[in-house]
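Q: Before I ask anything, here is the structure I am working with.
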Amino acid sequence: MSQKQDSMIVALDIGSAFTRVLAVDLNEGALRYRGHGVVESAGMRKGLIADLAPAAKAVKAANEQAERMARANIDECVVGAGGPHIRGINTNGGFTLGNRMREITAEDVHTAVGRARSIVLPPDREILHLLRRQFILDDQPGIFDPVGMVGAQLEVDLHIATCSGSAFQSTVTCANRAGLEVSMAVLESIAAAEATLSPDERELGVCLLDIGAHSSDMVVFFEGTVAHTASVPIGGAHFTNDLAIGLQMPVAQAEELKRQFGNAVVTAVPQQAEIEIANPQPQILRLRTIAEILEPRARELMCFVKDSLRQGGVLDALGAGCVLTGGGAMLPGMLDVTESQLRVPARTGMPVRLSHMPGELVHPAFATTIGMVLYAHRTRMTRAAENNSFRAKLRAMFAASF
């Protein structure tokens, strides 16, 4: 196995059902697939880590798979944060620059952002992202970068994505126990959006719904920026449990039935369609019976989503509709239920394909993991550009002094 490469980016996605590790590196300006690992998650309960030892063991196993494929040592990663503890807040802040107009500097921008973020959060909350929505300069809104402009008063609208501090720390500890150092954290819905949404969709207004096993995370973009983030406590496992209870069968058998014959729309299933199942004795099951159990849960999920969008003030801002991703997005009929409940067009979010990446990973279940490496790469490039700009300014100042 070769030594660790500095150009490598590794994403760790600890989900309720599966733990995924994806390794890529930068090759001639493009991200190139190196390896991945997928194992069943352990130590999870209701979307959160409940037992560190088995959870860390699953992370280590997935990482070892990725290391063997990449032929490199992996000891650093980007982690995702998601689940029912995610909360989003919109806030505003700013300050007066002085009695006379002057040029806006980067320090002024940092001051305005600091004023906007100085809200009182509960002691158990931790800030994941400070997302700038727009700047307002002398009552002129819609400004994305005010540096270099001239004005007397600067304000900023922020979206602050927060998570449970204890839940996030459990994720970091789990990675550490598996021998991985966490270099960055990203909200999983924002990561999934990175891999699936187009610039036009972000501009027109779109809701990205990442349907996981025990919860579904959402992010809404409008006019190119994040306007709303939230999580609803329903995921694919709830559909499976409904089947297991309704048909009085083991959860594993119910999951297989859902995958092979499930549909979220009863009328989409032929009335006479039947299959034979062992439960435990052979019996005939109408396929519509499966759909009759799944459709109410699908409608309940979309009712939760609709309520969250309404509370966030973005229900009428979805000009580009709704994009479903995550493993739960593959249930037939989910797009139809989404369109009927939200009254907007819907599509399945397939992640972009990285160079040399196996086709099997171009699947909604891998959208978050792929998006994490894309987000980390974009963040690195942005920071490098800012550092280069800062160095150029220092050189100019030094030259001017002589």
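Q: So, counting K/R as plus one and D/E as minus one, what does the shell of residues with Cβ under 13 Å around Gln153 add up to?
A: -1
Q: Residues with beta-carbon under 13 Å from that of Gln169, excluding Gln169: net charge, scoring Lys, Arg +1 and Asp, Glu -1?
A: It works out to a net charge of 0.
Q: With a 10 Å cut-off between alpha carbons and a GNM built on the chain, which of Ala320, Ala278, Ala53 moves the most?
A: Maximum fluctuation in the GNM of the chain, among the listed residues, is at Ala278.
Q: Something else about it: Name the residues whose placed amide hydrogens come within less than 5 Å of the amide hydrogen of Leu187, ignoring near sequence neighbours (fewer than 5 apart) on the same chain.
A: Ala81
Q: Right, here's the next one. Say R0 is 25 Å: what FRET efficiency, to the nearest 0.05, do Val251 and Glu274 get from their beta-carbon distance?
A: E between Val251 and Glu274, to the nearest 0.05, is 0.65.
Q: Also, I was wondering about something else. Where does helix 367-400 land angle-wise versus the long Cα axis of the chain, in degrees 0 to 90, nearest 10?
A: Roughly 10 degrees between the two axes.
Q: Also, I was wondering about something else. By how many nm would the segment from Asp124 to Glu223 grow when fully extended, if each residue of separation counts as 0.36 nm and the alpha-carbon distance is taken off?
A: 32.5 nm
Q: While we're here: Taking other Cβ within 10 Å of each residue's Cβ, how do Ser355, Ser231 sort, fewest first?
A: If I rank by nearby Cβ atoms, fewest first, I get Ser355, Ser231.
Q: Name the aspartates and glutamates eligible as straight-distance cross-link partners of Lys60: C-alpha to C-alpha under 15 Å, and not fewer than 8 places from it in the same chain.
A: Within reach: Asp13, Glu40, Asp51, Asp75, Glu76, Glu181.
Q: Here's a follow-up. Hey, what do the phi angles of segment 130-139 turn into as Karplus ³J(HN,Hα) couplings, whole Hz, using 6.51/-1.76/1.60 and θ = phi - 60°, x for Gly and Pro?
A: 10, 10, 6, 8, 6, 9, 10, 10, 6, 6
Q: Rounded to whole Hz and in sequence order, give me ³J(HN,Hα) for segment 79-86 from the Karplus expression 6.51 cos²θ - 1.76 cosθ + 1.60, θ = phi - 60°, writing x for Gly and Pro.
A: Karplus-based 3J(HN,Hα) across segment 79-86 equals 10, x, 10, x, x, x, 8, 6 Hz.
Q: Shifting gears a bit: Can you tell me the 0 to 90 degree angle between the C-alpha axis of helix 52-70 and the longest principal axis of the chain, rounded to 10?
A: Helix 52-70 sits roughly 80 degrees off the main axis of the chain.
Q: Hey, can you grab everything whose amide H is under 5 Å from the amide H of Ser216? Only 5+ residues off in sequence or another chain; H modelled, so Pro and N-termini drop out.
A: Here the answer is Val232, Ile234, since their amide H atoms fall under 5 Å of that of Ser216.
Q: Please give the contour-minus-distance gain from Thr173 to Ile89: 0.36 nm per residue of separation, less the Cα-Cα distance, rounded to one decimal in nm.
A: Extra length from Thr173 to Ile89 when fully extended: 27.6 nm.
Q: Quick query: amide H of His129 versus all other amide H atoms, modeled in the peptide plane; which residues come in under 5 Å with a sequence gap of 5 or more or a different chain?
A: Ala161
Q: Let me check I've understood the local charge: for Leu52, count other residues with C-beta under 13 angstrom from its C-beta, Lys and Arg +1, Asp and Glu -1. What total comes out?
A: Taking every Cβ under 13 Å from that of Leu52, the sum is +3.
Q: Connecting C-alpha atoms closer than 10 Å in a GNM of the chain, tell me which of Gln153, Gln65, Gln341 has the biggest fluctuation.
A: Ranking Gln153, Gln65, Gln341 by mean-square fluctuation puts Gln153 first.
Q: Can you work out the Karplus-derived ³J(HN,Hα) for every residue in segment 239-256? Use 6.51 cos²θ - 1.76 cosθ + 1.60 with θ = phi - 60°, whole Hz, and x for glycine or proline.
A: Karplus-based 3J(HN,Hα) across segment 239-256 equals 4, 5, 5, 4, 5, 4, 6, x, 9, 6, 9, x, 4, 4, 5, 5, 4, 5 Hz.
Q: Along the Cα-to-C-beta direction of Glu28, a point sits 7 Å from the Cα; which residues of segment 353-381 have their amide N less than 20 Å from that point?
A: Within reach of a label on Glu28, which here means backbone N under 20 Å from a point 7 Å along Cα→Cβ, segment 353-381 contributes 353-358.
Q: Largest first and in whole Å, what are the equivalent-ellipsoid semi-axes of segment 87-163 based on the Cα gyration tensor, each being the root of 5 times an eigenvalue?
A: Computed over segment 87-163, the values are 25, 11, 9 Å.
Q: Another question, then. So what's the gap between the Cα centers of segment 305-365 and segment 64-83, to the nearest angstrom?
A: Spelled out, the Cα-based centre of one part sits 26 Å from the other.
Q: Which of these, Gly327, Gly98, Gly246, has the largest mean-square fluctuation under a Gaussian network model of the chain (Cα springs below 10 Å)?
A: Maximum fluctuation in the GNM of the chain, among the listed residues, is at Gly98.
All of the numbers you see were taken from the coordinates with simple rules; none came from a lab. These figures come from a predicted structure and were not determined experimentally. All Cβ positions, even for glycine, are placed from backbone atoms using ideal geometry, and neighbour counts span all protein chains on display.
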